[in-house]
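Data first, discussion second: the structure below is written as structure tokens.
The values are calculated or read from the model by the stated rules, or taken from the named source; none is laboratory data. Computed from a predicted model, the values in this text were never measured in an experiment. Don't worry about glycine lacking a Cβ; one is built from the backbone with ideal geometry, like all the others, and counts go over all protein chains shown.
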Amino acid sequence: MSERQRGPAEAPNLGEPAVPRPSASIVLLRRGGKHLDRTLQVLLLKRAESAKFMPGVWVFPGGALDAEDGTGETGHKACAIRELREEASIELGEESELVLFSRWITPEIVSRRFDAWFFLALAPAHTSPQPDGIETTDARWFEPQVALRAQAAGELALAFPTIKQLESLLDHRTSDEAIEAHRDRPVEAILPKVVGTPEEFRVVLPGDPDYPE
């Protein structure tokens with residue numbers, strides 16, 4: 001599979017690392033299938049090909065915090081809900097539960113960096129996502145395994161954190177099971193690092209034998 005297209009905001013930064021911007025995303029789940037076959041499905045949005053950061057990549061709805069979102073976990077949740085509304089036209093009610101799923105920090109080598117909090121949430125019944133046509137150009141529900149197979153076949157582009165989070169959802173048969181498993185679970189920030197040369201490189205995670213300290 002060929003390497004995905006990189007935007008100008010993903011260019012290598014050879015100077016001092018940029019300070020990561022606080023951001024938040026929603027890993028929106030729904031109960032796919034009928035009756036007893038209620039498999040887990042997740043919403044992915046395709047970013048515009050003109051985007052400076054991850055053009056054409058399929059992502060979870062999300063973005064950087066605005067001042068009005070607030071701070072701390074409350075601010076991150078407000079940001080995630082707002083971005084879901086703006087990018088996919090899906091409104092979560094006040095009673096909706098958001099469960100902290102993971103936290104990823106963009107590698108230091110990348111010019112534009114984010115400290116991204118990801119929250120699991122259950123979609124309202126009969127949810128039909130609508131891309132905004134500006135930041136996002138397509139929206140689809142995927143079973144995690146289907147999205148991963150499509151990525152491996154070169155049929156859609158996924159970022160490394162998205163791949164890893166989809167892989168972790170494979171352990172759960174239903175949306176309810178996934179949310180229950182992560183409720184009150186401690187979440188530590190993950191800072192991937194890039195090793196190798198510009199021509200041949202790979203991403204390593206904390207705990208990998210060759211993760212630079």
| Pairs, first closer than 12 Å to Leu84 by Cα and without any contact (Cβ under 8 Å) to a residue 60 or more places away in the chain in the stretch 125-142, second part of a loop (DSSP other than H, G, I, E, B) and not aromatic (Phe, Trp, Tyr), C-beta under 7 Å, six or more apart | Gln130/Ser89
| Residues of the stretch 74-96 classified as among the acidic types (Asp, Glu) and touching a strand residue (DSSP E or B) at 6+ places or on another chain (Cβ under 7 Å), total | 2
| query | If Asp69 satisfies every condition in (1) over 18 Å from Asp115 (Cα atoms); (2) buried (at least 19 other Cβ atoms within 10 Å of the Cβ) but one, which is the exception? | reply | (1)
| request: For the stretch 67-74, indicate whether the set of residues that are touching a helix residue (DSSP H, G or I) at 6+ places or on another chain (Cβ under 6 Å), within 23 Å of Ala147 (Cα to Cα) and modelled with pLDDT of 90 or more is non-empty. | output: no
| remark: Here the qualifying pairs (Cβ atoms under 6 Å; residues six or more apart or on different chains; first in the stretch 184-213 and over 15 Å from Arg103 (Cβ atoms) and free of Cβ contacts under 8 Å to residues at least 24 places away in the same chain; second among the basic types (Lys, Arg) and assigned to a strand (DSSP E or B)) come out as Gly196/Arg202; Val204/Lys193; Pro212/Lys193
| field | Single residue of the stretch 122-142 satisfying the filter (surrounded by fewer than 15 Cβ atoms within 10 Å (Cβ to Cβ) and among the hydrophobic types (A, V, I, L, M, F, W, C)) that is modelled with the highest pLDDT | value | Ile134
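Table: residues versus (1) in contact with a helix residue (DSSP H, G or I) (Cβ under 6 Å, 6 or more places away or on another chain); (2) closer than 15 Å to Phe118 by Cβ; (3) part of a strand (DSSP E or B); (4) polar (S, T, N, Q).
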| site | (1), (2), (3), (4) |
| --- | --- |
| Glu177 | no, no, no, no |
| Ala181 | no, yes, no, no |
| Arg185 | no, yes, no, no |
| Glu188 | no, yes, no, no |
| Val195 | no, no, yes, no |
| Arg202 | no, no, yes, no |
